[in-house]
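Student: Once you've had a glance at the structure underneath, I'll fire off some questions.
Here, each number is a calculation from the coordinates, and none is a lab measurement. Please read all numbers here as calculations on a predicted model, not as lab measurements. Quick reminder, even Gly has a Cβ in these numbers, built from the backbone with ideal geometry, and neighbours come from all protein chains shown.
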Amino acid sequence: MRRVPCENEAKLLHVVSGITQNLAQHPANRTRLYKAELHGSLALDKLVEHVSVLSTHLQAHLLCHFPVW
């Protein structure tokens, strides 16, 4: 479930969005932005995978030590 960003997060997102849009408007920057987006997507995928693995381990640990009757 997604949460609504707080006021400071919303401001930061707005600023970053504006900077990204300005950079993307220049053809010379498009390749750099595309590569950055790929790196960001890969990092996010790895993070999600890591959290998923940790969640699985945590569930197994809890079930081992606190079995449900």
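Student: Against the 2.2 N^0.38 Å scaling, with N counting residues, where does segment 8-65 land? I'd like the Cα-based Rg ratio to two decimal places.
Tutor: Numbers: Rg = 18.1 Å, N = 58, 2.2 N^0.38 = 10.3 Å.
After normalising by residue count via 2.2 N^0.38 Å, the value is 1.76.
Student: Against the longest alpha carbon principal axis of the chain, how many degrees, from 0 to 90 and to the nearest 10, is the axis of helix 7-24 turned?
Tutor: On a 0 to 90 degree scale, this one is about 50.
Student: Using the Cα centre as the reference, give the magnitude of the dipole from point charges on the C-beta atoms of the chain (Lys, Arg: +1; Asp, Glu: -1; all else neutral), rounded to the nearest 20 debye.
Tutor: Working: 7 positive and 5 negative charges, 42 e Å.
Around 200 debye, computed over the chain.
Student: Considering the options Leu54, Val15, Pro27, tell which one lies farthest towards the positive end of the dipole of the chain, charges being +1 on Lys and Arg and -1 on Asp and Glu at the Cβ, about the Cα centre.
Tutor: Result: Pro27, furthest along the dipole toward the positive end.
Student: To continue, here is another question. Helix 27-65: angle to the longest alpha-carbon principal axis of the chain, degrees 0 to 90, nearest 10?
Tutor: Tilt relative to the chain: about 10 degrees.
Student: Just add up the charged neighbours of Asn22: K/R +1, D/E -1, any other residue whose Cβ is under 14 Å from the Cβ of Asn22. Present the calculation step by step, with values, prior to reporting the outcome.
Tutor: Values: positive: Arg30, Arg32; negative: none.
Here the charged neighbours net out to +2.
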